[in-house]
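What follows is a short report on a single structure.
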Amino acid sequence: MSKENLLPAHVSLIMDGNGRWAKERGKERVYGHFEGVNSVRACVEAAIEAGVKYLSLFAFSEENWSRPDDEVSTLMGLMVKAMANEMDSLDRNGVRFVVLGNRDRLDAGLNDEIERCMERTKGNEVLTLVIFLSYSGKWDILQAAKKMARDMLAHPEDIADVGPDDFARYLVTDGIPDPDLIVRTSGESRLSNYLLWQGAYSELLFVDKLWPDFRKEDFRKALESYAKRDRRYGKVK
């Protein structure tokens, strides 16, 4: 890997372990989600300091809708509160805020807050912070396939020439580079239906710390681990 590629342009974090962190302290699961906001803040600051251009966070999956109603309701309320509380700091530090996922499942109030925050920060260029909310990799690929199929019905003669880049433009991540590094906390070693297309050649790092304990030093260590990797994309050097 050349020296200029030692720093990942896009780091993605699977924030896992909030519930276990709270349980270890004899508290309700939602307590871990509240503490996890501090880890988000720390990682945003660390990404800016390191010069990372894209930081994405897996905040809520399509499958998470099956969790208890009170936990889902608390999480959605936390999303709104966190956006309102953090937006001045994000905007001041040049962070562009983006939310991607199946937003049709979100309530109107949350969607309004998302739109307000995205509009306010759309011109910022220091760091793009992507929140994956109501997202899953299979859902993303399926919705992209449906959109492409509708377009191809009008031009069936073009189907033979369709390539991976053409399909990728239908994914919700169009315009955002694929993650160079995906980090999952809590010791679990799986992607859990996250960025299945985009993460095809991402470097993966699984760390034992629970998300509320993951802070700046842990983020820096993840960058150091990435710098030691030899990315070949299936080729032989």
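Would you mind putting 127-140, 97-110 in packing order, based on average other-beta-carbon counts within 10 Å, highest first?
127-140, 97-110
Placing +1 at every Lys and Arg Cβ and -1 at every Asp and Glu Cβ, with all other atoms neutral, what dipole size does the stretch 75-189 have around its Cα centre, in debye to the nearest 20?
400 debye
Which of rounded, prolate, oblate describes the stretch 140-216, given a ≥ b ≥ c as roots of the alpha-carbon gyration tensor eigenvalues and a/c under 1.5 marking rounded, otherwise prolate only if a/b is larger than b/c?
prolate
Could you state the orientation-averaged shadow area of the convex hull built on the Cα atoms of the stretch 52-124, in nm² to one decimal?
Mean shadow area of the hull around the Cα atoms is 5.1 nm².
Using 0.36 nm per residue, how much length does the chain from residue 23 to residue 9 gain when fully extended, once their Cα-Cα distance is taken away?
1.6 nm
Please state, to two decimals, what the Cα-based radius of gyration of the chain comes to when divided by 2.2 N^0.38 Å (N = residues).
1.04
With a cap of 11 neighbouring Cβ atoms within 10 Å, and only residues DSSP puts in a loop, list the GluC sites (Glu not before Pro) found in the stretch 73-148.
For GluC sites (Glu not before Pro) across the stretch 73-148 that sit outside H, G, I, E and B with at most 11 neighbouring Cβ atoms in 10 Å, the list reads 125.
How much length would be gained if the chain were fully extended between residue 85 and residue 200, taking 0.36 nm per residue of separation minus their Cα-Cα distance, in nm to one decimal? Working shown, then result.
Numbers: separation 115, 0.36 × 115 = 41.40 nm, distance 3.46 nm.
Extra length from residue 85 to residue 200 when fully extended: 37.9 nm.
When ranked by the protection proxy of mean other Cβ atoms within 10 Å per residue, highest first, what sequence do the peptides 154-166, 197-209 form?
Result, highest mean first: 197-209, 154-166.
Could you tell me whether the stretch 56-172 comes out rounded, prolate or oblate from its Cα gyration tensor? Rule is a ≥ b ≥ c as square roots of the eigenvalues, rounded for a/c under 1.5, then prolate if a/b exceeds b/c, otherwise oblate.
Cα axes put the stretch 56-172 in the oblate bin.
How big is the dipole moment of the stretch 163-237 about its Cα centre under a simple scheme where the beta carbon of each Lys and Arg is +1, that of each Asp and Glu is -1, and everything else is neutral? Debye, nearest 20, please.
300 debye
Over 22 Å between Cα atoms, which of 53/216; 122/216; 53/228 qualify?
122/216
With each label point set 7 Å from Cα along the Cα-Cβ vector, what nm distance links residue 192 and residue 158?
So the label points at residue 192 and residue 158 sit 3.8 nm apart.
Per residue, how much accessible area does the stretch 1-59 have with a 1.4 Å probe, in Å²?
Heavy-atom accessible area per residue stands at 47 Å².
Residue-wise, which Karplus ³J(HN,Hα) couplings in Hz belong to the stretch 179-192, taking 6.51 cos²θ - 1.76 cosθ + 1.60, θ = phi - 60°, and x for glycine or proline?
Computed from phi, the couplings for the stretch 179-192 are x, 6, 9, 10, 10, 10, 8, 5, x, 6, 10, 7, 8, 6 Hz.
Please report, as a whole percent, how much of the solvent-accessible surface of the chain comes from carbon and sulfur atoms (probe radius 1.4 Å).
51 percent
So what is the relative contact order of the stretch 59-169, in percent, for Cα pairs below 8 Å that sit 6 or more residues apart?
It rounds to 32 percent for the stretch 59-169.
Where a ≥ b ≥ c are the square roots of the eigenvalues of the C-alpha gyration tensor, would you call the stretch 73-112 rounded, which needs a/c under 1.5, or, failing that, prolate if a/b is larger than b/c, or oblate?
oblate
The values are calculated or read from the model by the stated rules, or taken from the named source; none is laboratory data. Not measured: the values here are computed from a predicted model. Positions of Cβ are backbone-derived with ideal geometry, glycine not excepted, and every protein chain shown enters the neighbour counts. Remember, those area values only see protein heavy atoms, side chains included, never the ligands or the DNA or RNA. Shrake-Rupley method; radii C 1.70, N 1.55, O 1.52, S 1.80 Å.
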